[in-house]
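Enquirer: Mind having a look at this structure? Questions to follow.
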Amino acid sequence: MGFSADFDKALQIGRPPNIQKLFPNSRALIVSGKVIDRAMLKKGHAMTMAANGRNSVVIRAALKAAQRANAAIIIEIAKSESGYCLVNMWNLAQYVNTFCNELGITIPVAVHADHFGLKKPVEVNAAKIDVPSMFDFGITSVAIDASHMSEEQNLLANIALNPFIPPWAGYETEVGEIRGKEGLSTPAEALFLIQGLNAHGIFPDWIALNNGTSHGIEESSAGIQVELTREIHEVLEPYRVSGAQHGTSGNSVERLKRIADETRTTKANVATALQMISWGVKVNEFGNAFLDESGNFIKIPDQGVTGDLWQEMVSYAQSKSWKKGDYKKLNLPFETRLLSQSRDIRERMEKPVEDFVYDLLVNCFNAADTAPLAIEEILRAGSYDVGVKAERIEDPDDWTPGKITERAIKLHREEELPAGDFED
């Protein structure tokens, strides 16, 4: 997709105010997450990748893949990832803007702050400062994740933080702590959250579920529960909320295709697989890393980082007694080492990631040729703000704080459930 009159017009009117202020002379079409969601809905049975940019190689590769596929895409980083990656929610837009201009990227890109996690109600006040600061630095979409609190606390946290999210921005909420096959989200829990938000005039673009996913390296065959996801999305249909699929690494192409085809999912997060491929770790077609007989990752000799650097990375992880799922923490101490390799090594790190992302976008997610649809949405709205998909249908009087607490009692679970992994 080359430069066109429509692209130039979208560039003029489609970039949100924070992006215009930060990058006044940029040719990068950084847009609201709402625009990306609308493009997927417009195509139908399509979802795009939300690529977790744990290192600059992954960000560059994902952008190049989306350009090849002519697909709108999301580049994201989670709050927790900001603790073990050089990339974080306050510099991600800088990376995306720079690479889009350098590489001549002409597809719309949203910059998403994923899993802005809140584990206790007392953290909400601090978040009232953190959330606006992320938008000051170029975030165009955010996921408020208070799903590890009780149902009423989750809802109340989302309500409290909504005034601090620009109305034009993409907005994701979450129900059901991500913890594999244990404690799966229920239609009642999802409905409680979305109805309560609706009553307060809050209309999320996406809802993330605990639908059988687990973050990081998938070691079980449980995976995403398509039927459960479809059931919950059907219950939520009056509220026009799309699905955000987390924990895709390790799930089969068939299962991911079904998520795109049979549910209202428009956003699919991919993190661990992209990281491993960039390093040259051997993965299967699902992005799941192979282990040798000793339980160690298998490094492909002529792919990814050099053999010497890989040995340094492994030795460092072993010195910290890290498990395989902790290798993601190598991103921060080794980012500059990755960048300081020769150009041919950096390129061989990048190309397999690009090919993997392209294949998912085109052959699995049905996201090819959604870039023009995103631009059409901007031109239709005549603005960076494409508005909301839903309208208020719930009575606010039925969703006061007291009544929220009363309603939530019926949803509380008595059984003890495992703690879950929110790191991706």
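Read the figures in this text as sums done on the coordinates, not as results from a lab. Values in this document were obtained by computation on a predicted structure and should not be read as measured data. Virtual Cβ from ideal backbone geometry, glycine too; neighbours counted across all protein chains shown.
Enquirer: Quick query: amide H of GLY247 versus all other amide H atoms, modeled in the peptide plane; which residues come in under 5 Å with a sequence gap of 5 or more or a different chain?
Expert: Here ASN269 satisfy the definition.
Enquirer: What size of dipole, in debye to the nearest 20, comes out for the stretch 247-314 about its Cα centre when the only charges are +1 on Lys and Arg C-beta atoms and -1 on Asp and Glu C-beta atoms? Write out the running numbers ahead of the final one.
Expert: Values: 7 positive and 9 negative charges, 89 e Å.
Charge dipole of the stretch 247-314: 420 debye, to the nearest 20.
Enquirer: Can you give the longest run of the chain that contains no chymotrypsin sites (Phe, Trp or Tyr not before Pro) sitting in a DSSP loop with at most 13 other Cβ atoms inside 10 Å? Provide the component values of the computation, followed by the final result.
Expert: Numbers: sites that count: PHE3, PHE290.
Formally, the longest exposed-site-free interval is 4-289.
Enquirer: I've got another one for you. So between ILE298 and LEU411, what do we pick up on full extension, going 0.36 nm a residue minus the alpha carbon distance? Walk me through the numbers on the way to the answer.
Expert: On the way: separation 113, 0.36 × 113 = 40.68 nm, distance 4.45 nm.
Gain on extension, ILE298 to LEU411, equals 36.2 nm.
Enquirer: What's the center-to-center distance, using Cα atoms, between the stretch 368-413 and the stretch 129-176 in Å?
Expert: Here the two parts' Cα centres lie 12 Å apart.
Enquirer: Just flag the trypsin sites (Lys or Arg not before Pro) in the stretch 1-59 sitting in loop per DSSP whose Cβ has no more than 15 other Cβ atoms within 10 Å.
Expert: On the way: sites: LYS9, LYS21, ARG27, LYS34, ARG38, LYS42, LYS43, ARG54; in loops: ARG27, ARG54.
Within the stretch 1-59, the qualifying trypsin sites (Lys or Arg not before Pro) (loop, at most 15 other Cβ atoms within 10 Å) are ARG27.
Enquirer: Along the positive direction of the dipole of the stretch 129-212 (beta-carbon charges: Lys, Arg +1; Asp, Glu -1; about the Cα centre), which of PHE137, GLY201, LEU156 reaches farthest?
Expert: GLY201
Enquirer: Can you list the GluC sites (Glu not before Pro) in the stretch 258-302 that are in a DSSP coil and have 16 or fewer other beta carbons within 10 angstrom?
Expert: Taking the stretch 258-302 and a limit of 16 other Cβ atoms within 10 Å, the loop GluC sites (Glu not before Pro) found are GLU285, GLU293.
Enquirer: Relative to the present Cα-Cα distance, how much length would full extension add between VAL253 and GLN311 at 0.36 nm per residue of separation? Mind showing how you got there, number by number?
Expert: On the way: separation 58, 0.36 × 58 = 20.88 nm, distance 3.15 nm.
Working it through step by step, the gained length comes to 17.7 nm.
Enquirer: Do the sum for the chain: with -39,500 (n - 2.57) for every DSSP H run of n ≥ 4, divided by all residues, what is the mean residue ellipticity at 222 nm, to the nearest 500 deg cm²/dmol? Walk me through the intermediate numbers first.
Expert: Numbers: 16 runs with 176 residues, N = 424.
Counting only the DSSP helices, I get -12500 deg cm²/dmol.
Enquirer: Let me ask you something else. If a paramagnetic tag sat 7 Å from the Cα of ASP395 along the Cα-Cβ line, which residues of the stretch 227-241 would have the backbone N under 20 Å from that point?
Expert: Output list for this probe position: 238-239.
Enquirer: Let me ask something else. So how strong a dipole does the chain carry about its Cα centre when Lys and Arg Cβ are +1 and Asp and Glu Cβ are -1, to the nearest 20 debye? Each step should come with its number before you reach the end.
Expert: Details: 44 positive and 58 negative charges, 220 e Å.
So the magnitude is around 1060 debye.
Enquirer: If you don't mind, another one. For LEU103 and ASP136, calculate 0.36 nm times their separation in residues minus their Cα-Cα distance, and state this gained length in nm to one decimal. Spell out each step's value before the answer.
Expert: Values: separation 33, 0.36 × 33 = 11.88 nm, distance 2.47 nm.
Answer, rounded to one decimal: 9.4 nm.
Enquirer: Name the residue farthest towards the positive end of the dipole of the stretch 1-127 from the options ALA78, ILE36, GLY53, assuming +1 on Cβ of Lys and Arg, -1 on Cβ of Asp and Glu, about the Cα centre.
Expert: ILE36
Enquirer: Tabulate in residue order the Karplus-calculated ³J(HN,Hα) for the stretch 56-69, using 6.51 cos²θ - 1.76 cosθ + 1.60 with θ = phi - 60°, rounded to whole Hz; enter x for Gly and Pro.
Expert: Computed from phi, the couplings for the stretch 56-69 are 5, 4, 5, 4, 4, 5, 5, 5, 5, 5, 5, 4, 4, 7 Hz.
Enquirer: Still on this model: Between GLN318 and ARG380, with labels modelled 7 Å along Cα→Cβ, what's the label distance in nm to one decimal, could you check?
Expert: 5.6
Enquirer: What's the Kirkwood radius of the chain in Å, using all Cα pairs? Could the numbers behind the result be given before it?
Expert: Details: mean 1/r = 0.0466 Å⁻¹.
Hydrodynamic radius (Kirkwood, Cα pairs) of the chain is 21.5 Å.
Enquirer: With θ taken as phi - 60° and the coefficients 6.51, -1.76 and 1.60, list the Karplus ³J(HN,Hα) couplings across the stretch 116-121 in order, rounded to whole Hz; mark glycine and proline as x.
Expert: 3J(HN,Hα) across the stretch 116-121, in whole Hz: 6, x, 10, 9, 9, x.
Enquirer: In whole Hz, with x marking every Gly and Pro, tabulate ³J(HN,Hα) for the stretch 252-269 from phi via Karplus 6.51 cos²θ - 1.76 cosθ + 1.60, θ = phi - 60°.
Expert: With the stated coefficients, the stretch 252-269 comes to 5, 4, 4, 5, 5, 4, 5, 4, 5, 7, 10, 10, 9, 6, 10, 9, 10, 7 Hz.
Enquirer: With both bridge residues required to lie in the chain, what share of the DSSP beta bridges run antiparallel, to the nearest 5%? Intermediate values should be presented prior to the final figure.
Expert: On the way: 3 of 36 bridges.
Roughly 10 percent of the DSSP beta bridges within the chain come out antiparallel.
Enquirer: Note down the magnitude of the dipole of the stretch 333-402 about its Cα centre, charges +1 on Lys and Arg C-beta and -1 on Asp and Glu C-beta and zero elsewhere, to the nearest 20 debye. Don't jump to the answer; show the numbers that get you there.
Expert: Working: 8 positive and 16 negative charges, 118 e Å.
I would put it at about 560 debye.
Enquirer: Given H placed on each backbone N at 1.01 Å, which residues far from VAL142 in sequence or on other chains put an amide H within less than 5 Å of it?
Expert: Here the answer is ALA113, GLY170, TYR171, GLU172, since their amide H atoms fall under 5 Å of that of VAL142.
Enquirer: For ALA126 and GLU227, what does the FRET efficiency come to when R0 = 56 Å and r is the distance between their Cβ atoms, rounded to the nearest 0.05? Don't jump to the answer; show the numbers that get you there.
Expert: Numbers: r = 39 Å, r/R0 = 0.69.
The value I calculate is 0.90.
Enquirer: So, R0 is 22 Å and r is the distance between the beta-carbons of ASP344 and ASN284; what FRET efficiency does that work out to, to 0.05?
Expert: After rounding to 0.05, the efficiency reads 0.25.
Enquirer: If the limit is 20 Å between Cα atoms, which of LYS79/LYS119; LYS79/LYS120; LYS120/LYS323; LYS267/LYS323; LYS120/LYS328 go over it? Could you put the intermediate results ahead of the total?
Expert: Details: LYS79/LYS119 12 Å; LYS79/LYS120 15 Å; LYS120/LYS323 27 Å; LYS267/LYS323 29 Å; LYS120/LYS328 25 Å.
Long pairs (Cα-Cα over 20 Å): LYS120/LYS323; LYS267/LYS323; LYS120/LYS328.
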